Every structure is written in structure tokens, then in C-alpha cells.
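One structure is given here, and the rest of the page talks about it.
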Amino acid sequence: GIGCGKGEEQAPTPTPAATSSPTATATAVPTGETGTLSSLQGDVQVLRVGSSTWEVASSGMKVSTGWGVKTGNNGYVIITFFDGSVMELEADTEISMEELSQASGGSTTVRINQVLGNTLNRVENLVDSSSTYEVETPAGSAVVRGTVYEVNVNRYNGLAHTCINNINQGDPQSHYVNLSAAGIAVAVAEGMSACCWEGGQPGNPFYTDPGDDPLNQGDGGGGGCHGY
């Protein structure tokens, strides 16, 4: 996964009270759309809607709006969503399905809350401008139109710290991840990363691999998110 260090992204201030995480506009009504679990390794558990007890997951299991999925220290699982997008959960990761839906007009919504850990997200190009793939975290929200990106959520001294790593796919089309927090949004280009603290604003995007920086500015002060 990607490791994140403390950087120049704006740390939260004691006041005012931390704002709630940004959420997608909920115009679609959940219609029973699902994600399918596969490639399970080690400890993988699910939490059904209305249940307070985690249970062992199995390959082929369907998850839908309101479900939770988590992995233990040796766990790994792939979730393939109804729209073709894929999320890989690495060890010690927990997510919940905030919304998996398709509107009558055909637009799709995949909105995931990543509580902790590392995920790799492979999102098909969303042709419909109303379609959304969003990963919310306690520190910020990442929205894409189509790309491959990592989301890392750690906690330091009780505060969540999120880093986004937009993986360079090597194709001619530009793909961005929009990282939003505390009312500020930054566009993270391919080959770059950006981080934010819970209650704070995102830092400036920086090159994940400093060797890719044409100006040789290292991580640009972005704060030590590194790729594999």
C-alpha cells in the first residue's frame, strides 16, 4: 500500500467544529445494485444491513447498500461492482457501502466510505456525466470519472490522515482524481498524490515518484506519500 507521512497539507484547527465529509448528491434511489466478492485471502468479514455481528465472507457473496466489508492483518478481497468498477481491499482495511444504485436514466452511483486501510480502485470511464464513483474517508472525499488510484487512510493521535495516489496508466488521455476536504478541492493528475488531515484542507498534489518530477522538486512539499 502507500505510506503517508506528515506533510504541508493544512492541519485541522481547534475551531470551528470539523465539517462533515462531502457527499454525492443523492438523486438516485438505491435499486438493489450489488458488488461481488472474489479472490478472498485470509480474514475477510462482512456486516449485513441491520446486523451488529460481522460474519466470515465467502467468494461470490453479494454486497449492497448498507453492507460493510473488512479485512484482517492477512486479509485481501476484490469487490467488482455492478458498473464494472473494481475495489481491492488490502490487509487491515474497512469499508461500508454508502450507495450502490442506478437511476432510471441509466446513470450509476458507487459511493464507498473507507474507514481505515488501503484500497486500489479501478474505475471504468464514466460516459454518463451524472454517474459517480466516490470514496469518502474521515479526512476527505475522492471522486473520479475513470482511472486507477489508491486510497490510504491511517490514524495518528486520533486524527485520520488520507492520501490519494493516482496511478499513471500510460495512455494519452488525462485522468484526474478530485480530492475534496474542508470545502477545498484539488485535482490530482496521474503519477501524483495528495493528502489531507481530518478537519483540514488538502495539500498541493506532488509527484508520487520524485524521479518523475521534471523540475526535480522532490515531493513538492506534499508530505511523504510514497508508492510501492
Next item on the list: Using a 1.4 angstrom probe, figure out how much accessible area the stretch 88-222 has per residue, in square angstrom, rounded to the nearest whole.
Entry: 39 Å²
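Show me 143-151, 54-62 ranked by packing, highest mean number of other Cβ atoms within 10 Å first. Mind showing how you got there, number by number?
Details: 143-151: 21.3, 54-62: 13.2.
Descending packing order for the listed peptides: 143-151, 54-62.
Mind ranking 162-169, 68-75 by how tightly packed they are, going by the mean number of other C-beta atoms within 10 angstrom, highest first?
Values: 162-169: 24.5, 68-75: 17.8.
So the peptides 162-169, 68-75, ranked by packing, come out 162-169, 68-75.
Can you tell me the relative contact order of the stretch 106-189? Whole percent, Cα pairs under 8 Å, sequence separation 6 or more. Don't skip to the end; give the middle numbers.
Values: 179 pairs, mean separation 21.9, N = 84.
Once divided by the residue count of the stretch 106-189, the mean separation gives 26 percent.
Please label the shape of the stretch 37-88 as rounded, prolate or oblate, based on the square roots a ≥ b ≥ c of the eigenvalues of the alpha-carbon gyration tensor (a/c under 1.5 means rounded; beyond that, a/b larger than b/c means prolate, else oblate). The partial results should precede the final answer.
Working: a/c = 2.02, a/b = 1.06, b/c = 1.90.
Oblate is the answer for the stretch 37-88, as a/c is 1.5 or above yet b/c matches or exceeds a/b.
The values are calculated or read from the model by the stated rules, or taken from the named source; none is laboratory data. Quantities reported herein were computed from a predicted structural model and do not represent experimental measurements. Note that we place each Cβ from the backbone using ideal geometry, even for glycine, and neighbour counts take in every protein chain shown. For the accessible areas, the whole protein counts, side chains as well, though only heavy atoms, and no ligand, DNA or RNA atoms are used. Shrake-Rupley method; radii C 1.70, N 1.55, O 1.52, S 1.80 Å.
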